[in-house]
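Visitor: Before anything else, here's the structure in question.
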Amino acid sequence: MNYETLVPLMRRLALEAGDKIMEIYEADDFEVKTKSDNSPVTAADEAADAIISDGLRETFPDVMLVTEEQSATHDTSGDTFLIVDPLDGTKEFVHRRGDFTVNIALIEGGKPTRGVVYAPAKNRMFFTQANGQAVEEAGPFQKDLIGSLTPLTVSKPDNDALMIVASKSHRDQATDEYINKYAVKDMTSAGSSLKFCLIATGEADLYPRLGRTMEWDTAAGHAVLLGAGGKVVRFDDHSDLTYGKDGYENPFFIAYSPTVALKSA
């Protein structure tokens, strides 16, 4: 894989998709449909998916592509592929809360090696450079010119005072019981893949997810976190979270700064 070609392409496609998403987001009204799994989908999901998948297929026609909005791609299998969630956090989008992201990632050997997470309503852009280092770019963003970059490194927290990030939409008793095993300084909430990015920037230390997610929900944020020195492991046995699983469904997982002393499930 030519990372020097891939990374600017993923970034540009994320920005183009973000423009289309915001155009629909800022309209007076938009239709919300329900998919077979009862999750919502909007014209923004579909338009962003077309922009990204067309762009990736044009440049990398021989690389397997998995995208949330094209169910035919969910029947493919492999451990090296591009994976896309064109609008992660559709519920946040529908309720106009702003915590939604565009996610594009490359999986190699079951591991997310490059990725971009763009939050158009929050004007935040995170991605891995060609060398794998995670960065945050300062806006305003230009499609073909990368702006000022800040290299990202996870925090080295005191285990007696952890910053926890949790889901806005998926908090439950099991999650709270697990969080209560730690000495928590403070908690923050974020939607979509931004939770991974908050650990990558050092704004949070630990993100446990005890709920259903799909690989396209997590791959790009996972790549950014790895590029900042972080880790994502399975909740049950603390082994690395891998990709290319049957059905592209994730087990429960924990994303964290490696200096956090993980508690058992």
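Visitor: Does any residue of the range 167-178 turn out to be at pLDDT below 95 and within 14 Å of the chain's Cα centre (by Cα)?
Guide: yes
Visitor: Right, something else. Can you tell me which residue is nearest to the chain's Cα centre (by Cα) among those in the range 129-166 that are in a strand (DSSP E or B) and more than 29 Å from Glu26 (Cα to Cα)?
Guide: Out of the qualifying residues, it is Ala134.
Visitor: Could you tell me whether the range 217-226 includes any residue that is hydrophobic (A, V, I, L, M, F, W, C), buried (at least 17 other Cβ atoms within 10 Å of the Cβ) and over 15 Å from the mean Cα position of the chain (by Cα)?
Guide: no
Conditions (1) crowded, with 17+ Cβ neighbours inside 10 Å; (2) more than 30 Å from Asp75 (Cβ to Cβ); (3) not β-branched (Val, Ile, Thr), marked per residue:
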| site | (1), (2), (3) |
| --- | --- |
| Asp176 | no, yes, yes |
| Asp186 | no, yes, yes |
| Leu198 | yes, yes, yes |
| Thr201 | yes, yes, no |
| Pro208 | yes, yes, yes |
| Arg212 | no, no, yes |
| Tyr243 | yes, no, yes |
| Phe253 | yes, no, yes |
| Ala261 | no, yes, yes |
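Visitor: Which condition does Glu136 not pass, out of (1) under 22 Å from Ala255 (Cβ atoms); (2) among the charged types (D, E, K, R); (3) modelled with pLDDT under 95, if it passes all the others?
Guide: Exception for Glu136: condition (3).
Visitor: Please tell me if Thr213 is out of contact with any helix residue (DSSP H, G or I) (no Cβ under 8 Å at 6 or more places or on another chain), of a type in the set (Ser, Thr, Tyr) and closer than 27 Å to Asn131 by Cβ. Before you say what the answer is, go through the steps one by one.
Guide: Numbers: out of contact with any helix residue (DSSP H, G or I) (no Cβ under 8 Å at 6 or more places or on another chain): yes; of a type in the set (Ser, Thr, Tyr): yes; closer than 27 Å to Asn131 by Cβ: no.
Here the answer is no, as Thr213 does not meet what is asked.
Visitor: What's the total number of residues in the range 62-98 that are within 14 Å of the chain's Cα centre (by Cα) and over 16 Å from Ala48 (Cα atoms)? Explain how you work it out, then say what you get.
Guide: At the first step, the residues of the range 62-98 found to be within 14 Å of the chain's Cα centre (by Cα) are 67-68, 82-90.
Still in the list and also over 16 Å from Ala48 (Cα atoms): none.
Number satisfying all stated conditions: 0.
The values are calculated or read from the model by the stated rules, or taken from the named source; none is laboratory data. Predicted, not measured: the structure shown is a model, and the values here were computed from it. Neighbour counts run over all protein chains shown; Cβ positions are idealised from the backbone, glycine included.
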